[in-house]
Structures are given as C-alpha cells and as structure tokens.
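The values are calculated or read from the model by the stated rules, or taken from the named source; none is laboratory data. For clarity, every value in this text was computed on a predicted model and none was experimentally measured. Cβ coordinates were reconstructed from backbone atoms using ideal geometry, including for glycine residues, and neighbour counts include every protein chain displayed. Please note that ligands, DNA and RNA were not included when accessible areas were found on the heavy atoms of the full protein model with its side chains. Shrake-Rupley method; radii C 1.70, N 1.55, O 1.52, S 1.80 Å.
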Amino acid sequence: MEFGKILKEQRKINDLTQEDLARALNVSRSAISNWEIGRNYPDIQTLIGISNLLGVSLDFLLNEDVKVMEAVDTDLEKKKKTAVGLAVLLVIAIG
C-alpha cells in the first residue's frame, strides 16, 4: 500500500480529520491532503511526528514506498548540504 493510503487509513482509525492532523503537526491542511493523494511527501522530521501521533512505526508508514524513501533521501541530502554550507560560512566568519 502507498504512503498516502496508509496515512489516510491511519488518520481515520485515529478519528482525526485532515485539519486535526495538520494542527498537531503544525502544517497546513492542504499539506495533509497532498500527502494523502501522493502529490508530495513530508520530510523526515514530520514523518517521525506522524508516526508518533498515529502510534505506528515508520516501517509501517513507509511500507517500502519507494517514492517516499526517495523523497526522504533527497530531504536528508539537502539538509546535509545546508549544514556543510553553514559550517563553511562559520569557519570563514570566525577566521
């Protein structure tokens, strides 16, 4: 099953509306809708929040959905590049 379908199913099992889940995760309701229809995917930190809120494991949520895993990998790579860039700027600023 795809991430979006699992998210929607688990949200309903937990008796949450898209608005409820959005408020709890501090995102827009349209973000939840986009995740559920597979238009885009949450970042890794938000995935962890979803997992905690819905009481399911990340493994269960991702269910080997390659698109989500690729999106998470891309997100992590962007964060690594940003961290390296900030470290370089800090070294330059200190020097």
Positions within the stretch 17-40 being touching a residue at least 24 places away in the same chain (Cβ under 8 Å), open to solvent by less than 60 Å² (accessible area, probe 1.4 Å) and not in a helix (DSSP H, G or I), in sequence order:
GLY38
Under the condition of being open to solvent by 20 Å² or more (accessible area, probe 1.4 Å) and either of a type in the set (Gly, Ala, Ser) or not in a helix (DSSP H, G or I) (or both), which residue from the stretch 1-16 is nearest to TRP35 (Cα to Cα)?
GLU2
